[in-house]
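The values are calculated or read from the model by the stated rules, or taken from the named source; none is laboratory data. The structure displayed is predicted, hence computed values, not measured ones. Note: ideal-geometry Cβ built from the backbone for every residue, glycine included; neighbour counts use all protein chains shown.
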Amino acid sequence: MTKDRKIGVAVDFSRGSKLALKWAIDNLIDKGDTLYMIHIKPFVEDESRNLLWSTTGSPLIPLSEFREKEVAQKYDVELDPEVLNMLDTGCRQKHVTVVVKIYWGDARDKLCAAVGDLKLDCLVMGSRGLGTIQRVVLGSVTSHVMAAATCPVTIVKDPASHGF
């Protein structure tokens, strides 16, 4: 990959997504890259913001604005201090631009749409550590995105859920 890359990280504030974000900051992003934190919220039919941004998602939100309580409330996102700290540190140490994009709907479909909308060079996401049967019964966001995304997808597994 070349410099000035567009790297997406799917973040739902779970342990797995935090590990994926940390991995991307430690191992992937470099000076000049843009890190897109992609957050998917379930679609709630009666919310006006869902109607406004149902297909395109939110506007791009710079990290400096996203950390403001009013902005987070506008998009109904609970700020996670650990995630904000990782993003701040990564931005400062690696000299990257960090922006947030919020989508509403099914995570599988919206992550694949984000790849195209944002013209991502790659996507990093965490794994819940589901076993084979659970993946078949519950469905796996990671399996779907790996098969359908039009860019390379890196899945970061949680060592604790795999007995390491």
Exercise for the section: Name the single residue, out of those in the range 22-54 being of a type in the set (Gly, Ala, Ser) and at pLDDT below 95, that is nearest to CYS112 (Cα to Cα). Expected result: SER54
Problem - Complete set of residues in the range 1-37 that are touching a Ser or Thr at 6+ places or on another chain (Cβ under 8 Å), assigned to a loop (DSSP other than H, G, I, E, B) and among the hydrophobic types (A, V, I, L, M, F, W, C) - result: VAL11, LEU28
Completion exercise
Only unsatisfied item for VAL136, checking (1) modelled with pLDDT of 90 or more; (2) at negative phi, is (1)
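Would you check if SER58 is free of Cβ contacts under 8 Å to residues at least 12 places away in the same chain and either surrounded by fewer than 16 Cβ atoms within 10 Å (Cβ to Cβ) or polar (S, T, N, Q) (or both)?
Values: free of Cβ contacts under 8 Å to residues at least 12 places away in the same chain: no; either surrounded by fewer than 16 Cβ atoms within 10 Å (Cβ to Cβ) or polar (S, T, N, Q) (or both): yes.
Taking the combined requirement at face value, the residue does not satisfy it.
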